[in-house]
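The values are calculated or read from the model by the stated rules, or taken from the named source; none is laboratory data. Since we're looking at a predicted model, the values are computed, not measured. Here the Cβ positions follow ideal geometry from the backbone for every residue, glycine too, while neighbour counts run over all protein chains shown.
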Amino acid sequence: MNDLNIYSITSAIADPLRLSVMLYLLRGQATYAEIQQHLDVSQSNLSNHLAVLLKAGLVKKISNGRRNSYEIAGPEIAHLVEHLMSLQHLPKQESKIKPIAVARTCYDHVAGKLGVSIFKSLADQQAIIYYDNGNTDFSKQVELGINAGKIFGAFNVDLSAVDTTRRKYIYACLDWTEKQPHLAGAVGAAMCNAMMDKKWVVRNEEKRVLRVTDTGKRALREIIGLDFNA
């Protein structure tokens, strides 16, 4: 993302339909037909908008024979979109919390009330140290705490083996529904993958929404003292 022109980026996402495409792709990879059906737009209109996003480097195309799929170009792009969403003013109270606000993925790490609760519990258990200097930066500094090896190990995350070739190791991402940080970076992604592998969280009918299983609730309670009953 560093080599992209900032004016190209802002111009590309300024159009409501193109931003809607990116919001939809936050759920994960989607085919051209799925995007068109979700947004209810003509084929030519969608093609033009996808071309702009591709040229700006905000999405990438995966070719599979005659069936093309699209996805967010990388974690930095996903976090940019999440940060834009966090700037919107949501109602202070709703009669019922929507599933996407309870637990979801933010690109490839856990977000929503679940992600924020895990982040706070990790800090309370001294697995991470969070430096909140009060600014509005959406990638605030996080360091590993004295109990990091033990606690992340219990999640089946080998901190020494986390891949950092294409992204930051660990940081705090501002959650757009909770307005508080959740864990991001390579460590956040590794933790999300481990929880899915263990079936502690599973995807709902909507790709991006997560559900915490009973096994997952027990694990969260035993490892980090989190009683998650949302």
Quiz item: Does the stretch 188-216 hold any residues that are touching a residue at least 40 places away in the same chain (Cβ under 8 Å) and within 20 Å of Gln141 (Cα to Cα), and which are they?
Solution: Gly188, Ala189, Met191, Cys192
Exercise. Look through Val116, Val52, Val110, Val142 and report the one residue that is under 17 Å from Leu23 (Cβ atoms) and modelled with pLDDT of 80 or more.
Key: Val52
Quiz item: Within the stretch 22-33, can you find the residues that are modelled with pLDDT of 85 or more and not hydrophobic (A, V, I, L, M, F, W, C)?
Solution: Thr31, Tyr32
Practice problem: Starting from the stretch 9-38, take each residue that is more than 21 Å from Asn64 (Cβ to Cβ) and list its partners that are part of a helix (DSSP H, G or I) and among the charged types (D, E, K, R), counting only C-beta distances under 7 angstrom and pairs at least six apart or across chains. | Solution: Ala12/Arg18
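Residues are listed down the side, and each one gets a yes or a no for (1) of a type in the set (Val, Ile, Thr); (2) crowded, with 16+ Cβ neighbours inside 10 Å:
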{"site": "Leu122", "(1), (2)": "no, yes"}
{"site": "Ile151", "(1), (2)": "yes, yes"}
{"site": "Ala154", "(1), (2)": "no, no"}
{"site": "Ser160", "(1), (2)": "no, no"}
{"site": "Tyr171", "(1), (2)": "no, yes"}
{"site": "Ala184", "(1), (2)": "no, yes"}
{"site": "Met196", "(1), (2)": "no, yes"}
{"site": "Gly216", "(1), (2)": "no, yes"}
{"site": "Asp227", "(1), (2)": "no, no"}
